[in-house]
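A quick write-up on the structure given underneath.
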């Protein structure tokens, strides 16, 4: 997937309503997780990414700053994120306790 033509989101769009369910792509456009919810607002927003599992079952939730992701909309308006973290990188992070 070529992300170069996708519209980047501004920090004002870092809301649960916009980001919930967004696919997170790692290096090589590999799907590494899904955003399950957010904490905070604007530049201070943190997102919980569910990593691994199947249909959300058995997934490991990890908390990362939204500013560490490239959050964008594709041509059809679907929100997604791109990161340099691999699935293994995310799995190595501490588990986020809800």
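Taking the stretch 53-62 as the region of interest, how many residues are closer than 22 Å to residue 43 by Cα and part of a loop (DSSP other than H, G, I, E, B)?
Number satisfying all stated conditions: 0.
Could you list, in sequence order, all residues of the stretch 14-33 that are surrounded by fewer than 18 Cβ atoms within 10 Å (Cβ to Cβ) and not in a strand (DSSP E or B)?
Of everything in the stretch 14-33, those that are surrounded by fewer than 18 Cβ atoms within 10 Å (Cβ to Cβ) and not in a strand (DSSP E or B) turn out to be 15, 16, 17, 18, 20, 21, 27, 28, 29, 30.
Each row is one residue, and each column tells you yes or no for (1) buried (at least 17 other Cβ atoms within 10 Å of the Cβ); (2) not in a strand (DSSP E or B).
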residue: 35; (1), (2): yes, no
residue: 38; (1), (2): yes, no
residue: 48; (1), (2): yes, no
residue: 64; (1), (2): yes, no
residue: 75; (1), (2): no, yes
residue: 80; (1), (2): yes, no
residue: 85; (1), (2): yes, yes
residue: 88; (1), (2): no, yes
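Tell me which residues, restricted to the stretch 39-78, are touching a helix residue (DSSP H, G or I) at 6+ places or on another chain (Cβ under 6 Å) and closer than 15 Å to residue 9 by Cβ.
Scanning the stretch 39-78 gives 42, 43, 45, 47.
We did not get these values from a lab; they are worked out from the coordinates using the rules stated. Please read all numbers here as calculations on a predicted model, not as lab measurements. Cβ atoms come from the backbone with ideal geometry, glycine included; neighbour counts cover every protein chain shown.
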